[in-house]
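Since the structure comes first, as structure tokens, the remarks are kept for the end.
The values are calculated or read from the model by the stated rules, or taken from the named source; none is laboratory data. Please read these numbers as outputs of a predicted model, since none were measured by experiment. Note: ideal-geometry Cβ built from the backbone for every residue, glycine included; neighbour counts use all protein chains shown.
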Amino acid sequence: MTKKKNKSRLVSRRRAPVGSPPGTLLPDEGASPTSVRLTIIENDAVEHIPEAPVAVVEQALRSDKRVWVDVIGLADLGLLQAIGDLFSIDPLALEDIANTNQRPKVDTYADHALIVVHMFDGVSVSSKEQFSILFDKRHVVTFQERPGDCLEPVRKRLDMPAGRLRQRGTAYLVYALLDTILDAYFPVLENIGEELEELEDKITQDPEPEDVTRLHGLKRDLLVVKRALWPAREMLSGMTREELGIIPQDVQHFLRDTYDHAIQLIDITETYRELAMGLLDLYLSSVSTRMNEVMKVLTIISTIFIPLGFLAGVWGMNFDREASPWNMPELGWRYGYPMALVVMAAIALGLLYLFRRKKWL
């Protein structure tokens, strides 16, 4: 079944004015309303606050507990600035968070690190959004463009009393978020692969012009996924470098597994892109073959009727039979008309036999 999808954005025109000072936050009229979801993590308990005001977040920071602050929607720049002041976020990092046209990357600052990655909901490419993770030793602050994400498995794991997320530090939580985001690419690519297989069967049997439109849409989706994955691979590779000191060694081997997932996703994406290009060639070949078959049939029909038309034209000429015995004598035969039909049928059947003998039919 063909799924209707929104057109994914390949080019972003949202940018700060030329000459703007560093750290400029650019308002986005289409951004979702901003809300803050607070998760307070302890070894024996986890508390979720779906709508947490800044004062509650500030109070949680004063404790020694680990805190995950999930900021949903980027419309309220004032609230973003308040969160930035609360966690002492570098202005350049806050600019990268608010201006959602960044490529996946990792940046280190004095007392925190910023990770930017592109996230899908696990269903379609049209759900792509920028997901930013800012973390230090006790705090994780995430920013997403709109409600709805693929992170529900992480929240469920936090609710498990004996889960690793409760026992380990914030670096492990960052790994869990990145691993879940990368894993959500797999069902998106699986949906694209199923559409490609469906298109392959359809193009082989009955190619239609609409198939080209679907192919171009799938190629565009694969390009969006590719543009998200290639920088993400570099970002994951950078996070595992010991000289940066972003991730502890006991978590780095988990990130290497996520890096392997990124490599696998890139391979799948490239395979599907090659398959899409091959399907386009297959469509053109199928259409050309069908056209050749049509032209062959029309040519054979024309070839058969050319001599029949010639005979009909000869016998249709007007001559005075009384002026000369040689003027169309067959028109005076008793069986002239049946004989003419027999001659025409014999010519047509003879040509058909000839075409079959030469394997043109």
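State all residues of segment 282-305 that are of a type in the set (A, V, I, L, M) and under 21 Å from the mean Cα position of the chain (by Cα); if no residue qualifies, say none.
Listed by number, the list holds a single entry, 282.
If you go through segment 100-107 one residue at a time, do you hit one that is more than 30 Å from the chain's Cα centre (by Cα) and acidic (Asp, Glu)?
No, every residue in segment 100-107 fails to be more than 30 Å from the chain's Cα centre (by Cα) and acidic (Asp, Glu).
Please enumerate the residues belonging to segment 123-150 that are crowded, with 19+ Cβ neighbours inside 10 Å and in a loop (DSSP other than H, G, I, E, B).
128, 145, 149, 150
From (1) closer than 15 Å to residue 46 by Cβ; (2) touching a helix residue (DSSP H, G or I) at 6+ places or on another chain (Cβ under 7 Å), pick out the condition that doesn't hold for residue 118.
It is condition (1) that residue 118 fails.
Looking only at residues that are small (Gly, Ala, Ser) and farther than 30 Å from residue 341 by Cα in segment 282-308, which one is surrounded by the most Cβ atoms within 10 Å (Cβ to Cβ)?
Among residues in segment 282-308 that are small (Gly, Ala, Ser) and farther than 30 Å from residue 341 by Cα, the one surrounded by the most Cβ atoms within 10 Å (Cβ to Cβ) is 286.
So for segment 311-318 (the condition being in the same structural domain as residue 177 (by TED's automatic domain parsing), of a type outside the set (Ser, Thr, Tyr), modelled with pLDDT of 85 or more and surrounded by fewer than 17 Cβ atoms within 10 Å (Cβ to Cβ)), does at least one residue qualify?
So far as segment 311-318 goes, no, none of its residues is in the same structural domain as residue 177 (by TED's automatic domain parsing), of a type outside the set (Ser, Thr, Tyr), modelled with pLDDT of 85 or more and surrounded by fewer than 17 Cβ atoms within 10 Å (Cβ to Cβ).
Which one of these does residue 328 not meet: (1) without any contact (Cβ under 8 Å) to a residue 12 or more places away in the chain; (2) at positive phi?
Condition (1) is where residue 328 drops out.
Tally time: how many residues in segment 48-62 are modelled with pLDDT of 90 or more and touching a helix residue (DSSP H, G or I) at 6+ places or on another chain (Cβ under 9 Å)?
Residues flagged as modelled with pLDDT of 90 or more and touching a helix residue (DSSP H, G or I) at 6+ places or on another chain (Cβ under 9 Å) within segment 48-62 amount to 6.
Tell me, which helices (runs of 4 or more DSSP H) wholly within segment 168-281 include 1 or more residues that are surrounded by fewer than 18 Cβ atoms within 10 Å (Cβ to Cβ) and under 14 Å from the mean Cα position of the chain (by Cα)?
Answer list for segment 168-281: 185-205, 209-239.
Check off (1) within 19 Å of residue 53 (Cα to Cα); (2) aliphatic (A, V, I, L, M); (3) touching a residue at least 40 places away in the same chain (Cβ under 8 Å) for residue 86 and give me the number that stays unchecked.
Single failed check for residue 86: (3).
Say whether the condition of being free of Cβ contacts under 8 Å to residues at least 12 places away in the same chain, surrounded by 14 or more Cβ atoms within 10 Å (Cβ to Cβ) and not in a helix (DSSP H, G or I) is met by at least one residue in segment 153-167.
There is at least one residue in segment 153-167 that is free of Cβ contacts under 8 Å to residues at least 12 places away in the same chain, surrounded by 14 or more Cβ atoms within 10 Å (Cβ to Cβ) and not in a helix (DSSP H, G or I).
Could you look through segment 217-263, keep only residues that are of a type in the set (A, V, I, L, M) and closer than 22 Å to residue 164 by Cβ, and pick out the one that is modelled with the highest pLDDT?
Step by step, filter segment 217-263, then rank; the result is 262.
Assess whether residue 276 counts as being touching a strand residue (DSSP E or B) at 6+ places or on another chain (Cβ under 7 Å), modelled with pLDDT of 90 or more and of a type outside the set (S, T, N, Q).
no
Hey, can you tell me all the residues within segment 65-75 that are farther than 30 Å from residue 44 by Cβ, touching a strand residue (DSSP E or B) at 6+ places or on another chain (Cβ under 9 Å) and surrounded by fewer than 21 Cβ atoms within 10 Å (Cβ to Cβ)?
Listed by number, the list holds a single entry, 73.
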